[in-house]
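All remarks here apply to the structure that follows.
The values are calculated or read from the model by the stated rules, or taken from the named source; none is laboratory data. Everything numeric in this text was worked out from a predicted model, so none of it was measured. Because the Cβ atoms are built from the backbone with ideal geometry, glycine has one as well, and the counts that use them run over all protein chains shown. Remember, those area values only see protein heavy atoms, side chains included, never the ligands or the DNA or RNA. Shrake-Rupley method; radii C 1.70, N 1.55, O 1.52, S 1.80 Å.
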Amino acid sequence: MKISGGLTENGIVVGNTYDKYGSTNPIVRWLMHGFESAVTELVDKVKPVSIHEVGCGEGYWTLRWLEQGIDAYGSDFSSTVIEMAQANALNRKLPVETFHACSIYDLNPQEDAAQLVVCCEVLEHLEYPEAALQTLQAIANPYLIISVPREPLWSVMNMARGNYLRHWGNTPGHIQRWSQRQFMALVSRHFDVIEVRLPVPWTMLLCRRREA
């Protein structure tokens with residue numbers, strides 16, 4: 001599977017800096033197993049007919065759902081990483097039209113709505129997370145799975161590995177930081193939180209759109 005490997009677009013790191021899902025490091029494998037299990041459990045609760053993955057990166061999850069027979073498609077602001085996702089789809093004999101480049105702020109319900117919207121590891125990179133949540137509220141029909149790094153645990157774990165010490169463990173590109181309570185309060189302004197999962201070191205929520 002093609003991985004970005006730290007490529008940037010307009011000064012922003014896109015996709016994954018390394019193949020975290022294919023890592024042989026036992027700690028990384030344990031962490032990613034927890035993340036994957038949480039996502040899978042929440043998707044299984046919804047049993048969606050359609051999924052839109054916002055911030056799909058190289059397409060790992062979208063392609064997985066397609067192969068399970070779900071009508072899944074993905075979007076990402078980066079045309080560079082979307083080209084990688086399309087190449088990954090082609091290699092698995094899946095339609096390249098599954099992926100398209102679009103900013104989260106420009107998504108609209110006429111073209112981008114799905115029974116389940118998945119937006120994992122995106123909001124911490126955004127200058128305007130509240131506006132992004134408003135967009136997600138418009139396209140989630142009616143479910144959303146959303147996750148972010150759980151602070152301060154995320155930064156503490158980075159520092160324990162000796163990473164980003166000058167920035168107190170904050171990963172480059174993360175311009176928003178939330179504790180579990182803070183993130184739930186933010187999301188709850190737009191959605192009803194149905195389920196909470198806490199795979200180390202993330203906060204992950206299954207939500208239902210709150211009708212006006």
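Count of region 156-212 residues, restricted to those that are part of a strand (DSSP E or B) and not basic (Lys, Arg), is 13.
Scanning region 158-189 for residues that are touching a residue at least 12 places away in the same chain (Cβ under 8 Å), out of contact with any Cys (no Cβ under 8 Å at 6 or more places or on another chain), of a type outside the set (Phe, Trp, Tyr) and closer than 23 Å to Val43 by Cα returns Gln180, Met184, Leu186, Arg189. Take the residues in region 107-121 that are more than 26 Å from Arg197 (Cβ to Cβ) and in contact (Cβ under 8 Å) with a residue 24 or more places away in the chain; name whichever of them is surrounded by the most Cβ atoms within 10 Å (Cβ to Cβ). Applying the filter and picking the extreme gives Pro109.
Test Gly34 against the stated conditions and say whether it is open to solvent by 10 Å² or more (accessible area, probe 1.4 Å), part of a helix (DSSP H, G or I) and out of contact with any Phe, Trp or Tyr (no Cβ under 6 Å at 6 or more places or on another chain). Answer is yes for this residue. Entry remark, region 132-188: residues being among the aromatic types (Phe, Trp, Tyr), surrounded by fewer than 17 Cβ atoms within 10 Å (Cβ to Cβ) and under 21 Å from Arg208 (Cα atoms) number 0 in total. Restricted to region 74-100, and to residues there that are in contact (Cβ under 8 Å) with a residue 40 or more places away in the chain and among the hydroxyl-bearing types (Ser, Thr, Tyr), the residue that is nearest to Val117 (Cα to Cα) is Ser78.
Table: residues versus (1) buried (at least 20 other Cβ atoms within 10 Å of the Cβ); (2) over 19 Å from Ser147 (Cβ atoms); (3) touching an Asp or Glu at 6+ places or on another chain (Cβ under 8 Å).
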| residue | (1), (2), (3) |
| --- | --- |
| His52 | yes, no, yes |
| Gly57 | yes, no, yes |
| Thr62 | yes, no, yes |
| Asp71 | no, yes, no |
| Ser75 | yes, no, yes |
| Glu83 | no, yes, no |
| Ala89 | yes, yes, no |
| Pro95 | no, yes, no |
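Among the residues of region 112-137, what is the count of those that are assigned to a strand (DSSP E or B) and more than 16 Å from the chain's Cα centre (by Cα)? Of the residues in region 112-137, 1 are assigned to a strand (DSSP E or B) and more than 16 Å from the chain's Cα centre (by Cα).
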